[in-house]
Amino acid sequence: MSSWFKLLTVNPKGEVIKVNGTSFSTAWVTGVAAYLLTKDPTLKPYQLRQLMCNSAQDICSKGYDEESGWGIVDLHGAMEQLEANYGEQLPFNDVAMDAYYVNAVNWALKNGITGGSTSTTFSPDMTCTRGQTVTFLWRAMGCPEPRISANPFADVVENDYFCKAVLWAVERGVTSGTSDTTFSPNAVCSEVQIITFLWRGLNCPDALGRSELAAGLGEHYYTDAVAWADTNGFFSVTQSSFNPMGEGIRAKIVTYLYQSLGRRQL
């Protein structure tokens with residue numbers, strides 16, 4: 001949120017003055033967050049952040065910019081968005097209410113992880129690229145700021161929607177580039193790559209037991225990730241056989257994210 005605009009406050013003498021700076025802005029943003037929590041105490045930190053960022057009033061360049069952040073925090077706008085989320089029906093005509101991924105799509109949409117391919121379609125069978133995959137994961141993790149600023153990839157530039165996600169993913173050890181100077185953000189991800197990215201993003205958790213599926217794959221970079229996913233029921237939820245080299249699709253990636261992150265955030 002922006003910290004440079006003038007804020008009204010009271011000095012030690014009781015006089016109303018205008019101030020600026022992050023110290024003063026923090027109180028306003030904290031107050032908005034506290035009010036939102038009185039309306040819905042189940043809100044998680046990433047949900048509060050998403051509500052305030054999505055409803056902020058733009059004052060410079062459209063969307064996020066270095067000078068003003070997301071803009072000016074807007075309590076009324078955040079409340080309207082919060083209230084609109086209750087009982088909202090999915091706008092996508094290609095997501096059936098009995099589809100295995102319907103809850104995952106709903107969660108991903110409400111939490112800003114991904115929207116539809118159009119205003120009325122989600123395109124659940126559309127393949128995911130490397131840039132999309134790390135961005136979905138990054139958003140699901142709360143959009144953490146990467147600590148590294150040096151970008152080694154010639155095919156990733158600052159204004160790309162996936163730029164921060166790529167830097168974060170490389171920093172976190174989620175994935176590396178396809179070469180020292182390329183990330184290949186438009187290359188299609190395989191299902192096993194998506195599983196591995198997610199597993200690494202969660203700090204490589206242990207499997208819950210023995211996975212016969214993983215044991216049958218042999219020793220590969222993804223074997224432990226598949227064992228973790230299998231013993232957590234990911235593949236049974238998607239109601240399909242697991243194909244390591246199969247292309248990763250939107251329905252499955254949001255389902256895997258929801259199973260590992262969304263359900264425990266509810």
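The values are calculated or read from the model by the stated rules, or taken from the named source; none is laboratory data. Treat the numbers as computed from the prediction; the structure is a model and nothing was measured. Methodologically, a virtual Cβ is constructed for each residue, glycine included, from the backbone with ideal geometry; neighbour enumeration extends over all protein chains shown. Ligands, DNA and RNA are excluded from the accessible area calculation, which covers all protein heavy atoms including side chains. Shrake-Rupley method; radii C 1.70, N 1.55, O 1.52, S 1.80 Å.
For the reader, a short list of remarks on this structure follows.
For (1) surrounded by 21 or more Cβ atoms within 10 Å (Cβ to Cβ); (2) assigned to a loop (DSSP other than H, G, I, E, B), each residue gets a yes or a no:
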residue	(1), (2)
Pro144	no, yes
Asn151	no, yes
Asn159	no, yes
Val166	yes, no
Ser176	no, yes
Phe183	yes, yes
Ile195	yes, no
Cys204	no, yes
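- Residue within the stretch 225-235 that is in contact (Cβ under 8 Å) with a residue 40 or more places away in the chain, under 22 Å from Thr114 (Cβ atoms) and not aliphatic (A, V, I, L, M) present: no
- Test: Thr120 is assigned to a loop (DSSP other than H, G, I, E, B), open to solvent by 40 Å² or more (accessible area, probe 1.4 Å) and more than 23 Å from Val254 (Cα to Cα): no
- Scanning the stretch 222-244 turns up no residue that is within 20 Å of the chain's Cα centre (by Cα) and part of a loop (DSSP other than H, G, I, E, B).
- Selection count where residues are of a type outside the set (Gly, Ala, Ser) and either part of a loop (DSSP other than H, G, I, E, B) or touching a Pro at 6+ places or on another chain (Cβ under 6 Å) (or both), scope the stretch 108-117: 3
- Filter pass, Val105 being open to solvent by less than 20 Å² (accessible area, probe 1.4 Å), modelled with pLDDT of 80 or more and part of a helix (DSSP H, G or I): yes
- Restricting attention to the stretch 206-217 and to residues that are in a helix (DSSP H, G or I) and of a type in the set (A, V, I, L, M), the residue that is surrounded by the most Cβ atoms within 10 Å (Cβ to Cβ) turns out to be Ala214.
- Check on Thr127, open to solvent by less than 40 Å² (accessible area, probe 1.4 Å) and of a type in the set (Ser, Thr, Tyr): no
- Residue list for the stretch 218-266, filter: in contact with a Lys or Arg (Cβ under 6 Å, 6 or more places away or on another chain) and open to solvent by less than 10 Å² (accessible area, probe 1.4 Å): Thr238
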